[in-house]
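Just so you know, all these numbers are worked out from the coordinates, no wet-lab data involved. As the structure is a computational prediction, the values presented were derived from the model and not from experiment. In this analysis, Cβ positions are derived from the backbone assuming ideal geometry, glycine residues included, and neighbour counts consider all displayed protein chains.
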Amino acid sequence: MNEQHGEFDDLEQALRQMPLRAPSPQLDRRIIQTIQRRPATRWMIGLAAATLAAAAALLLIMRASGNSSQTPSLKPTPTMVAFVPSTQKASLTQLVETDAQWSEDGIVDVQADGPIRQYRLITTHQITEVENGKLATMTFPQEEVYQFVSEAF
Amino acid sequence: MDDNGQDQPLEAIYRQYRQGLFSLAMAITSNAMQAEDAVHDAFTRMCRAGRFFPVAYVFAAVRNAARDQLRLRRNTSELNESIYDNQPTPERAVLTDETCQIVRQEIAALDDDQREVVVMKVYGELTFDQIAQTLGEPLQTVASRYRRAMQKLKEQLGTRV
């Protein structure tokens with residue numbers, strides 16, 4: 001359909017002369033920041049997913065190699081640090097820090113093939129953004145629980 | 001201004017249609033703060049899904065978010081702010097104060113559906129096709145609604161405009 005409402009042209013013009021309430025500059029800033037930060041957020045999610053995938057792969061390797069009866073090392077996993085370059089804004093810099101640590105809960109159950117030992121993988125992703133001279137830090141904790149069959153005494 | 005439903009960058013859409021999007025949210029919520037929250041909520045939701053959208057989709061998202069805001073307010077104090085600024089700037093004061101007041105009243109007196117269509121057409125500068133996509137209604141229905149609303153306004157304003 002074409003836009004044929006010529007009989008209302010004068011009225012439309014009059015309505016457009018009315019002083020509209022305008023959106024505030026704060027809203028403009030909120031919207032633009034929301035739009036421009038989105039790719040960085042995706043990147044962070046990707047990093048977190050990659051970290052978790054690596055942890056899961058490590059566990060699978062341990063199980064496949066028949067070492068399920070051995071306790072995993074409880075030494076803290078080295079902290080990974082990554083600088084995320086921003087493609088959207090030259091003034092935006094991000095520091096992504098991931099820390100993962102194992103802890104042992106001990107024997108939580110006993111089954112026919114042996115006692116069940118439980119471990120926890122506690123991962124913390126900390127994202128620090130430096131934008132226009134201001135610092136903003138977000139922390140995403142995550143906890144995973146794994147159980148392995150240990151050798152019977 | 002018809003984009004033929006093609007996806008456009010979200011930021012470009014906001015910069016071009018910010019007034020129309022905000023006015024639509026104002027027409028639904030009658031509250032500037034809630035209108036701004038509605039626009040922000042809509043863009044936040046869209047940003048989770050992508051960066052490129054058709055213009056009509058963005059208007060639909062803001063409309064839905066404004067309706068959500070309206071539902072949230074049901075049990076709180078009712079505000080009734082106009083889509084129009086109360087104090088026209090001198091350079092835009094083409095209409096007399098009396099005419100402006102009548103326009104405010106008559107726009108507010110329109111049915112919600114009619115007011116939304118008028119706002120999207122006049123202040124959002126959307127085509128009927130885009131408005132139909134935004135509302136999910138047939139093109140003819142939207143065009144007829146607009147015609148009825150403008151006819152009503154014309155009758156009320158008489159020779160003032």
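What length, rounded to one decimal in nm, is gained on full extension from residue A:118 through to residue A:140, with 0.36 nm per residue of separation minus their alpha-carbon distance?
On the way: separation 22, 0.36 × 22 = 7.92 nm, distance 2.30 nm.
Stretched out fully, the residue A:118 to residue A:140 stretch lengthens by 5.6 nm.
With contacts defined as alpha carbon pairs under 8 Å and 6 or more residues apart, what's the relative contact order of chain B in percent?
Computed value for chain B: 29 percent relative contact order.
Go ahead and run the numbers for FRET between residue B:141 and residue B:112, Cβ-Cβ distance against an R0 of 22 Å, rounding to 0.05.
Numbers: r = 15 Å, r/R0 = 0.68.
For residue B:141 and residue B:112, the calculated efficiency is 0.90.
Can you give the charge dipole size of chain B about its Cα centre, rounded to the nearest 20 debye, using +1 on the beta carbon of Lys and Arg and -1 on the beta carbon of Asp and Glu?
Details: 20 positive and 23 negative charges, 47 e Å.
Magnitude of the dipole: close to 220 debye.
Can you give the calculated 222 nm mean residue ellipticity of chain B, where each DSSP H run of n ≥ 4 adds -39,500 (n - 2.57) and the sum is split over every residue, rounded to the nearest 500 deg cm²/dmol? List each step's numbers first, then the result.
Values: 7 runs with 104 residues, N = 161.
The helix contribution divided over chain B gives -21000 deg cm²/dmol.
Taking Cα atoms, how many degrees apart are the long axis of helix B:55-73 and the longest axis of chain B, rounded to 10 and kept between 0 and 90?
Its long axis makes an angle of about 70 degrees.
Across peptide A:52-58, what mean number of C-beta atoms from other chains lies inside 10 Å of a residue's C-beta?
On the way: counts 0, 0, 0, 0, 0, 0, 0.
For this peptide, the per-residue mean of nearby foreign Cβ atoms is 0.
Expressed as cubic angstrom per residue, what is the convex hull volume of the alpha carbon set of chain B? It would help to have the intermediate numbers written out before the result.
Numbers: hull volume 19.8 nm³, N = 161.
Spread over its residues, the Cα hull of chain B gives 123 Å³ apiece.
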